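A quick write-up on the structure given underneath.
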Amino acid sequence: MNTPFQGVAPLTSLGLIRAQGADAAKFLHGQLTNDFSLLGLSEARLAGFCNAKGRLQASFIGFKRSHTDILLLCSADLLATTLKRLSMFVLRAQAKLVDASADFVVYGLAGAAVAEATQSLGEHQAKVWGKADVDGVSIVHLHPADGVPRALWVAPVGTPAPAGVALTPEQWAWGEVRSGIATVTQSVFEAFVPQMLNYESVGGVNFKKGCYPGQEVVARSQFRGTLKRRAYLAHADVALKAGEELFAPDDVSQPCGLVVQAAAAPEGGFDAIVSMQISAFEAGGVRALAADGPLLQLAPAPYPLLADI
C-alpha cells in the first residue's frame with residue numbers, strides 16, 4: 001500500500017439489527033452460519049444468513065453488548081428485508097429484533113486511529129474479531145488492509161466521535177476491498193454460498209454448530225469437494241460495480257464469476273473482491289463486463305484458505 005490509509009471514517013452504509021431477550025443468542029445461533037450461543041463479550045462474529053439453498057441473503061458482524069443484547073451490523077440496503085425474514089422465525093422465542101440504526105453511530109478506524117482508540121486495552125485485545133468495550137463504545141478488530149490495522153467503532157448516538165484524521169467513506173470502502181472480507185449487499189443477494197466468499201477461512205462459518213437455513217448445502221460444499229469458486233482480489237483500469245459479470249477466455253458464452261465488492265483505488269482504476277471459478281483464476285485472462293471487456297489483474301485473497309492450512 002503506497003497510499004496512506006489512516007484515520008476515521010463514518011460508515012453510513014451499514015445498518016444495525018438489535019436482538020434482545022433471554023433467547024436472543026440461542027435464536028441467532030439457529031439462523032446464522034456461526035456460533036452465537038458461545039459468543040463471549042470479548043469477541044465478535046462474522047456470520048451469514050442463508051436461504052434454504054445455502055445462498056447468502058445477508059452477512060453480519062455481530063457482537064454482544066450484554067448476554068441478552070446483541071448487535072448485528074449489515075449492509076443498510078438489505079436491512080429491512082433481512083429483519084423482516086429473521087423476525088418471521090422468532091415465534092415463541094424470548095427475543096425481540098428491531099432496526100437500531102438510528103440508535104447507534106458506526107465509524108471505521110484505520111492505522112494509528114485503532115491504536116489511539118485501544119491504547120488502554122493491551123495487545124491481547126487486538127486479535128482479529130476481538131472486541132472490547134471502552135466507556136460504552138464497542139471496538140471490533142477487523143482483518144487488516146494491506147497490513148494496516150482496521151477496526152469498527154460502535155457507540156450510542158450522542159457519543160463523541162473517535163479521535164483521528166478524517167478518512168472518507170470511499171477510502172474506507174477501498175480498505176474493505178483490500179482486506180478481502182466481502183460484505184453481502186443487494187447487488188449480490190443470493191449469489192453465493194459462504195465458501196464462494198472464503199467465509200469458512202476467515203471465521204464466518206462454524207461447521208460444528210447445529211442446523212440453520214441452508215446448513216446442509218454449506219456442509220456438502222465443504223466436505224464433498226464440490227466447491228468450484230473462490231473469492232480473489234482484482235484490479236481494473238475502469239470502474240467496477242458489485243454484481244457485474246466476469247468472463248474467461250476459454251468460454252465466452254457464460255460468465256465465470258461476479259464482482260462482489262469494488263472501490264476506486266487511490267492510485268487510479270478500481271480494486272475489487274471477485275468470486276469466480278478456481279479454474280478461471282488459475283488460467284488467467286479473465287475480463288470484466290463482457291468477453292472483450294477490460295482485463296483484470298488477479299491476486300489470491302490476502303489470507304490463507306482453510307483448505308491450505
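The values are calculated or read from the model by the stated rules, or taken from the named source; none is laboratory data. Every value quoted in this text rests on a predicted model; they were computed, and no experiment measured them. Every residue, glycine among them, receives a Cβ derived from its backbone with ideal geometry; neighbour counts consider all protein chains shown.
Sort out which residues of region 14-41 are in contact with a Phe, Trp or Tyr (Cβ under 9 Å, 6 or more places away or on another chain), under 23 Å from residue 132 (Cα atoms) and either surrounded by fewer than 20 Cβ atoms within 10 Å (Cβ to Cβ) or in the same structural domain as residue 205 (by TED's automatic domain parsing) (or both), and write them in order of number.
The answer is 18, 21, 26, 41.
The rows are residues; the columns are (1) part of a helix (DSSP H, G or I); (2) of a type in the set (Gly, Ala, Ser); (3) under 25 Å from residue 145 (Cβ atoms).
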{"position": "4", "(1), (2), (3)": "no, no, yes"}
{"position": "8", "(1), (2), (3)": "no, no, yes"}
{"position": "16", "(1), (2), (3)": "no, no, yes"}
{"position": "37", "(1), (2), (3)": "no, yes, no"}
{"position": "40", "(1), (2), (3)": "no, yes, no"}
{"position": "44", "(1), (2), (3)": "no, yes, yes"}
{"position": "52", "(1), (2), (3)": "no, yes, no"}
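Return the residue satisfying two criteria in turn: it lies in region 226-244 and is in contact with a strand residue (DSSP E or B) (Cβ under 6 Å, 6 or more places away or on another chain) and in a strand (DSSP E or B), and of such residues it is surrounded by the most Cβ atoms within 10 Å (Cβ to Cβ).
231
Filter region 47-63 down to residues that are more than 15 Å from residue 212 (Cα to Cα) and either touching a residue at least 60 places away in the same chain (Cβ under 8 Å) or outside the structural domain of residue 80 (by TED's automatic domain parsing) (or both), then give me how many there are.
Within region 47-63, residues that are more than 15 Å from residue 212 (Cα to Cα) and either touching a residue at least 60 places away in the same chain (Cβ under 8 Å) or outside the structural domain of residue 80 (by TED's automatic domain parsing) (or both) number 2.
Name every residue in region 182-201 that is within 10 Å of the chain's Cα centre (by Cα) and either more than 18 Å from residue 278 (Cα to Cα) or of a type in the set (Lys, Arg) (or both), in order of residue number. Talk me through it step by step, then tell me what you get.
To start, the set of residues in region 182-201 that are within 10 Å of the chain's Cα centre (by Cα) comprises 182-185, 197, 199.
Within region 182-201, 183, 184, 185 qualify.
Residue 70 - would you say it is among the β-branched types (Val, Ile, Thr), on the phi < 0 side of the Ramachandran plot and under 15 Å from the mean Cα position of the chain (by Cα)? If you could, list the steps in order and put the result at the bottom.
Values: among the β-branched types (Val, Ile, Thr): yes; on the phi < 0 side of the Ramachandran plot: yes; under 15 Å from the mean Cα position of the chain (by Cα): no.
No; evaluated as a whole, the condition is false for this residue.
What are the residues in region 64-102 that are among the aliphatic types (A, V, I, L, M), part of a helix (DSSP H, G or I), more than 26 Å from residue 260 (Cβ to Cβ) and without any contact (Cβ under 8 Å) to a residue 40 or more places away in the chain, if any? Steps first, answer last, please.
Kept after step one, since they are among the aliphatic types (A, V, I, L, M), are these residues of region 64-102: 70-73, 76, 78-80, 83, 86, 88, 90-91, 93, 95, 97-98, 100, 102.
Within this subset, residues satisfying the condition of being part of a helix (DSSP H, G or I) are 76, 78-80, 83, 86, 88, 102.
Retained after the next criterion (residues that are more than 26 Å from residue 260 (Cβ to Cβ)): 88, 102.
Across region 64-102, the qualifying residue is only 88.
Under 7 Å by Cβ, and 6 or more places apart or on different chains, what pairs join a residue from region 239-264 that is among the β-branched types (Val, Ile, Thr) with one that is in a loop (DSSP other than H, G, I, E, B) and modelled with pLDDT of 95 or more?
Going by the 7 Å Cβ cut-off, the qualifying pairs are 259/240; 259/241; 259/242; 259/243; 259/244; 260/182; 260/242.
If the requirement is being modelled with pLDDT of 95 or more and closer than 29 Å to residue 303 by Cβ, which of these qualifies: 97, 121, 142?
On the way: 97 fails: closer than 29 Å to residue 303 by Cβ; 121 fails: modelled with pLDDT of 95 or more.
Of 97, 121, 142, the one residue that is modelled with pLDDT of 95 or more and closer than 29 Å to residue 303 by Cβ is 142.
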